[in-house]
1. Name every residue in the stretch 82-93 that is of a type outside the set (Phe, Trp, Tyr) and either open to solvent by less than 10 Å² (accessible area, probe 1.4 Å) or assigned to a loop (DSSP other than H, G, I, E, B) (or both), in order of residue number.
2. Taking Leu133, is it aliphatic (A, V, I, L, M), over 24 Å from Ile242 (Cα atoms) and in contact (Cβ under 8 Å) with a residue 12 or more places away in the chain?
3. Select from the stretch 121-147 the residues that are in contact with a Leu (Cβ under 9 Å, 6 or more places away or on another chain) and aliphatic (A, V, I, L, M) and list them in ascending order.
4. Within the stretch 214-258, restricting attention to residues that are hydroxyl-bearing (Ser, Thr, Tyr) and under 15 Å from Val155 (Cα atoms), which residue is surrounded by the most Cβ atoms within 10 Å (Cβ to Cβ)?
5. With (1) under 14 Å from Asp243 (Cα atoms); (2) under 15 Å from the mean Cα position of the chain (by Cα) as the list, and Arg193 as the residue in question, which single condition is left unmet?
Amino acid sequence: ADGWAALNLARPDDLDLIPALTGGAGDDWAAVAHWASQHDTDAVRRAGLELQLPLAVVGEAAPQPLVPANGTTVPRKVVDLSALWAGPLCAGLLARAGARVVRIVSLGRPDPTPQSSPRLDARINAGKELCELDLRTAAGRAALLAELADADVLVTSARPAALARLGLEPARLPHLTWAAITAHGFTGPGALRVGFGDDCAAAGGLVDWQGDEPRFRGDAMADPLTGLEGALAVLAGRTGLIDLAMARVAAAYARGTG
């Protein structure tokens with residue numbers, strides 16, 4: 001009613017939630033558009049949070065400070081516990097810089113990228129050691145902790161609650177640098193939200209305007225930009241928790257590109 005929003009139906013479960021979003025008015029885009037036209041941006045944002053849908057208001061995110069691209073601190077060992085695009089790209093760039101990268105392949109919840117985008121998978125995951133673990137089991141979780149015991153960096157794209165269920169929290173593993181890539185932030189209210197590259201790019205205002213209507217500037221742009229910025233932050237020598245929100249990184253690039 002008072003702006004624009006991006007809804008990303010990336011998962012089958014998201015499609016199933018559309019009737020809950022629209023009040024049972026239907027499960028197609030026309031029903032979504034009608035529902036959105038009856039609500040303001042605050043109500044739209046709240047609905048996305050309540051239903052755990054990748055739903056973001058265009059331009060809602062504040063820019064995240066970015067590090068200069070001149071770092072030379074290459075970590076010795078990196079554990080890549082991420083999926084999809086941004087996290088694996090971050091770890092892949094660290095591998096190209098000379099780090100040993102161990103990629104955890106979750107048997108219970110595998111990354112769909114090797115099947116959906118094999119060429120992308122080959123580009124961003126080349127040069128990594130693969131370690132298959134069933135993180136649903138105590139043995140799998142113990143093996144993961146063993147990999148992390150002598151690591152310098154953990155790259156993750158999971159939300160804090162999911163990591164806590166695996167026994168992974170920054171306070172419990174203080175020797176690690178955490179490159180924590182999420183949609184809207186690893187800490188604070190954003191930690192409860194879900195999101196993907198397209199809706200996060202829109203949240204950051206990284207869109208092209210045609211008249212008074214926004215259009216995506218590229219394919220899931222928040223993903224590669226955040227993966228790049230994550231690698232740059234590690235190479236710059238950042239330690240502790242590096243909170244990389246895709247929406248905020250997109251906002252920084254939107255500001256930088258006008």
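1. Taking the stretch 82-93 first, the residues of a type outside the set (Phe, Trp, Tyr) are 82-84, 86-93.
Ser82, Ala83, Leu84, Ala86, Gly87, Pro88, Cys90, Ala91, Gly92, listed by residue number.
2. Values: aliphatic (A, V, I, L, M): yes; over 24 Å from Ile242 (Cα atoms): yes; in contact (Cβ under 8 Å) with a residue 12 or more places away in the chain: yes.
Judged against the criteria, Leu133 is a match.
3. Ile124, Leu133, Leu135, Ala139, Ala143, Leu144, Leu145
4. Residues of the stretch 214-258 that are hydroxyl-bearing (Ser, Thr, Tyr), as a first pass: 226, 239, 253, 257.
Filter once more, keeping what is under 15 Å from Val155 (Cα atoms): 226, 239.
Details: Thr226: 34, Thr239: 15.
Ranking the qualifying residues of the stretch 214-258, first place goes to Thr226.
5. Single failed check for Arg193: (1).
The values are calculated or read from the model by the stated rules, or taken from the named source; none is laboratory data. Remember, predicted model here, so these are calculated numbers, not experimental data. No Cβ is skipped: glycine too gets one built from the backbone with ideal geometry, and neighbour counts run over all protein chains shown. To get the accessible areas, we keep the full protein, side chains included, count just its heavy atoms, and leave off ligands, DNA and RNA. Shrake-Rupley method; radii C 1.70, N 1.55, O 1.52, S 1.80 Å.
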